[in-house]
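Data first, discussion second: the structure below is written as structure tokens.
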Amino acid sequence: EWDGGHHGHPGVATQLLNTASELGLQQASFTLTVQVTRVHNAMGKLDHIPLTTILSFSADSGATPHRALKSDKEEQIRFVRVIKGEFAMKVDDHAPLDTPDQIDAVAQAIADSFSAAWETCSREVTITRCSKLWWTDECSITLQAYREHGLPEDWKLYCKAVKNAKRVFFDSRITEISITNKRTWDLMSWVQQRKLPPCEAIQYQGQPCHALPQLWDALHNTYNSASDCPFDIDILDSIPDMPIWGWVPFSAFEMRASCSNVLAPGLDHIKWSVLKMLMRGPTHVFTILLSLANACLWVGHWPKHFKKSMSVIIPKPNKPSYSAPKAFRPIVLLNTVGKLIEKMLSNCIQFDGVASDVFHPNQIRGICQRSTKDASLILTHMMHVGWAKGLNISVIAFDVAQFFLSLNHEVLMAILQKLGFSDNVIKFFSHYLVGRSTQYTWCDFISNLRQADVGVGQGSALSLVLSALYLTLIMRLFELDPLTRGCFLLSYVDDGTLVVQSKSLLDNCEALKRAYSVIFKLFKRFGLALEHDKSEVFHFDRSHSKDNPPVDLGYALYTGATPLKPKLYWWYLGFYFDRKLTFTEHVQYYSTKALLTVKAMKMLGSSTRGLHPVQNCSLQSVFHTSPTGGVEALAGLPLINLLLHRLSERADYRFATLTPTHPVIVFLSRFNCGTITPHPSLLIQTMSEPEIFCTSGTLFESNTNVLALTETLLPMNPLSRPGVQLMDHFVDQVHFDDCKISCSDADKELKQCTKHLDKLWDKISENIGTYYAGTDASLPLSEQYQAIAASILFSSRAELWRAWHVAGKVTMPDVELYAIRSAIFNATSSVDPSIHSGQGHSVAVCEALQTWFTQKDGQSITFVYILSRLQWDLHYKAHKYTTKLKVALGPCPATSFDSLHMQAALSCGASWNVMFQDSEYRGQNFLHLKTVDGAVAQPGGKDNPWIHFANMSSPQLYARMCWCILNHAPIGPYYS
């Protein structure tokens, strides 16, 4: 026992006592809570009397029990079956949904069905430090048998069960992380959840949070409270009203397509995989959910059950201290069905907003096809073009304080009305934004429900869309102000960038000061505030001058004697920018980080991937001492410069898929420009030949390379609008038959497919009003000929019509879609009018089928996929017909989007094959391997035959195979 009253020399105990007093700890008297017995007879040679006591231990380990459901497929199917049964008992298929009370009643019945099914199928588990995720029922049975009998045989069975359970669990976990999810870094221990300091208390407003109520107050005031800033709604009067949008009801096809694969499950314990299983076919559950989604929009009501959420508090990475609530991030868990409806609504608003030019062109994020990569591309292009014209570029990055929480509901409703939203949608959002509540979760502790109806809330698919709508009018008013002439504004939701160009950096500073004042006043009139302490300024100047002037923003903290000073390097949008745009600092930072990571992987290799030390040593020795080129060929990894060249070339054609109002379009030539007004000074067409000659960049390359694409792509095609697509209206009249029968025997599978097709042909040939067509496509191996599409039309086994179509320089899916345009073939892509290669053929198919379906009821179409190796009668006739025609490619053939992508990949492979002929690259003694047909094997990608047939389950065998091919046995580093 520590004697606090001791006044001896100042040792460790005295310092500990002083530290305890500083922390506010008080000394308490020692009190025995159990009976202690002194055992005098057991003293023996000891100099003290032993004490004995009896302590009672309960079975409760102190951990909080939870209910969980096994992740195996059988349990998931059982869970879905129970949900359907609960729905049949609790939810009426014909329940009215005409009033808010009726919508709340149906939503609550759905929640009760999910809850009852969860209680039925889940089981209570208690996870402690000693819990083993790999433990199975077989382990429990064998352990119980050993405890009862204590036989050596039972112990061996238990050890075998544990070994098998561990092997199955960890192999499946490693496969899921590294192969299925392609996130190999998750196997490393340093990317896992960071453990909090054991003795660092949360501080809020200078006071430590020692009790849970204090912690909940601190978290709630940090994440769900905002200063009530004044606003001036009259500022919207200067903007004309936009035409009112027409709203289209949600469809069954749209709801199925909106189910996500990656979003986290909600409070109702319903995963997206379970929701997908519930939506297969016109089930009772699916009908109720679709009716509820449409009723919410038409009635203008969001159910109370969907307004409840849970905020899980997790630490932000790489924070120096975790004593403030801002060092943590709330992850909001919403109702899964509610998230599904929100995602459908978000997709509709984004499509209609972009098609109707509602969003400002310079808004990045929260809008389809716009990301921070585009913002980086725009900034670098402006710098290169500005330098070519002799201009200096200066930027100010600003941040909006508590952006999502500070969005005023009254201002937002006025903005929606100004942008042309219908009355029922505005009524829906006015009810959607209020009455929300959340619970906070810290470790195993859960708070009570707290009101959280400020701003737009986080975690919802509608948050980014609503915030983008809130900002669009601010950006339009910014452009109309005469003080901002020549200033370029980019917005990334909760922050933005002001960009100016001139001959002098001092003129840039004055222009930035004026623009910053305008944007600050606009945000203030919309009820928002800028965080001046987070503003940053940076000057891009490739001259040899060291002039780097500060900017007087006119607002504290950066005004007068303390202006805003620029830095040498600017961390923004995930990049380290330097003044000359060389990216030297960026490359150095990430190369150093990658090198340290690889070194750490080498040290922890045996613990991160489950390899034994001998296996780890054998495998890593191959890559440590072998020639670079040979190892790259064996691993199927092309050179990084070839990969970057392929990515750059394929990215050039992406600009053909952009919407007409995309911000990048303003810099392209007028030939490629959409409906947006081109930039007056940075347009490529306005540059002289000397200026173009001394500049470079992705936009310059794509402006020329995109002309090779002859296919017309329509990003905002009306037939691809959510709710009006072909599958939205005629999902019951379009059928698919993939003719795939899973059998272990390939020959048996082919026979069953042929039998199935013969029965189908006999069935359709007997109907007089049935027409059927056989289609096929031919893509010659020689690059001298064009692709050919052919189709033959039959009725009652009589041929009615056949046709050839020359497709040009395209890929096989493109030419198959061309054949569908005249008949039918590739079912999965033929009725998809969204942006993709061969979109024009799909749009033509959808237009023809929509017209045909509306002319007469009861008409339907079936797409049948037929394997070419079957040589089935109807399809084989089309195959022989299409291979007869040979058409030369010509000087200017038609090219598709996918064909240009494929050409970029082939060019990368050809360059790699040329480099591989150099013995210094591949290794002097590299063993030339041959394929089955006798040809010399060349390096390839993931389908490389050199590793495709290797036994990857044995690292030693694969390592020795590499040594043999490379003729490079282990040397010094291996043995050391």
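The values are calculated or read from the model by the stated rules, or taken from the named source; none is laboratory data. Quick caveat, the model's predicted, so the values are computed rather than measured. Ideal geometry is used to build each Cβ from the backbone, glycine not excepted, and the neighbour counts take in all protein chains shown.
Brief remarks on what is shown
- Residues located in the stretch 567-585, provided they are in contact (Cβ under 8 Å) with a residue 40 or more places away in the chain and among the hydroxyl-bearing types (Ser, Thr, Tyr): Tyr572
- Residue among Lys740, Lys809 that is closer than 30 Å to Ala708 by Cα, in the same structural domain as Leu885 (by TED's automatic domain parsing) and either among the hydroxyl-bearing types (Ser, Thr, Tyr) or modelled with pLDDT under 75 (or both): Lys809
- So Gln369, is it polar (S, T, N, Q) and part of a loop (DSSP other than H, G, I, E, B): yes
Yes/no per residue for (1) over 30 Å from the mean Cα position of the chain (by Cα); (2) hydroxyl-bearing (Ser, Thr, Tyr); (3) crowded, with 21+ Cβ neighbours inside 10 Å; (4) assigned to a strand (DSSP E or B):
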position: Ser394; (1), (2), (3), (4): yes, yes, yes, yes
position: Ala397; (1), (2), (3), (4): no, no, no, yes
position: Gln417; (1), (2), (3), (4): yes, no, no, no
position: Gln439; (1), (2), (3), (4): no, no, no, yes
position: Val454; (1), (2), (3), (4): no, no, yes, no
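- Tallying residues that are assigned to a helix (DSSP H, G or I) and without any contact (Cβ under 8 Å) to a residue 12 or more places away in the chain within the stretch 149-159 yields 6.
- Every residue from the stretch 96-139 that is of a type in the set (D, E, K, R) and surrounded by fewer than 15 Cβ atoms within 10 Å (Cβ to Cβ): Asp98, Asp101, Glu119, Arg123, Glu124, Arg129, Lys132, Asp137
- Single match in Ala777, Ala803, Ala798 (criterion: in the same structural domain as Asp762 (by TED's automatic domain parsing) and buried (at least 20 other Cβ atoms within 10 Å of the Cβ)): Ala777
- Considering the conditions (1) under 30 Å from Lys276 (Cα atoms); (2) at pLDDT below 70, Arg78 is excluded by exactly one of them, (2).
- Strands (runs of 3 or more DSSP E) lying entirely in the stretch 36-148 (those with 3 or more residues that are more than 38 Å from the chain's Cα centre (by Cα)): 36-38, 51-53
- Considered as a group, the residues in the stretch 629-652 that are closer than 17 Å to Met915 by Cα, assigned to a helix (DSSP H, G or I) and touching a Leu at 6+ places or on another chain (Cβ under 9 Å) include one that is modelled with the highest pLDDT, and that residue is Leu643.
- Residue check, Gly486 part of a loop (DSSP other than H, G, I, E, B) and closer than 30 Å to Pro330 by Cα: no
- Residues being within 39 Å of the chain's Cα centre (by Cα) and part of a loop (DSSP other than H, G, I, E, B) - total across the stretch 519-547: 8
- Odd one out for Ile244 among (1) farther than 25 Å from Gly420 by Cα; (2) surrounded by fewer than 16 Cβ atoms within 10 Å (Cβ to Cβ): (1)
- Filtered residue count, the stretch 446-495, keeping only those that are within 22 Å of Ile426 (Cβ to Cβ) and either free of Cβ contacts under 8 Å to residues at least 12 places away in the same chain or hydroxyl-bearing (Ser, Thr, Tyr) (or both): 5
- Among residues of the stretch 287-309, those that are over 19 Å from His269 (Cβ atoms), among the aromatic types (Phe, Trp, Tyr) and either in a helix (DSSP H, G or I) or modelled with pLDDT under 90 (or both), counted: 1
- Residue that is farthest from Asp652 (Cα to Cα) [pool: residues in the stretch 689-737 that are within 29 Å of the chain's Cα centre (by Cα) and of a type in the set (Val, Ile, Thr)]: Val731
- Flag set for Ser953, criterion: modelled with pLDDT under 70, loosely packed, with under 14 Cβ neighbours inside 10 Å and polar (S, T, N, Q).
- Annotation note: Cβ proximity below 8 Å between a residue of the stretch 706-719 that is under 26 Å from Cys348 (Cα atoms) and touching a residue at least 24 places away in the same chain (Cβ under 8 Å) and a residue that is small (Gly, Ala, Ser) and in a loop (DSSP other than H, G, I, E, B) (sequence gap 6+ or interchain) occurs for Asn717/Ser834.
- Looking across the stretch 410-468, the residues that are more than 15 Å from Leu219 (Cβ to Cβ) and polar (S, T, N, Q) come down to Gln417, Ser422, Asn424, Ser430, Ser460, Ser463, Ser467.
- Strands (runs of 3 or more DSSP E) within the stretch 700-806 that include 1 or more residues farther than 22 Å from Phe897 by Cβ and among the β-branched types (Val, Ile, Thr): 734-737, 787-795
- Among the residues listed as Thr625, Thr582, Thr597, Thr592, the single one being of a type outside the set (Lys, Arg), buried (at least 16 other Cβ atoms within 10 Å of the Cβ) and modelled with pLDDT of 55 or more: Thr625
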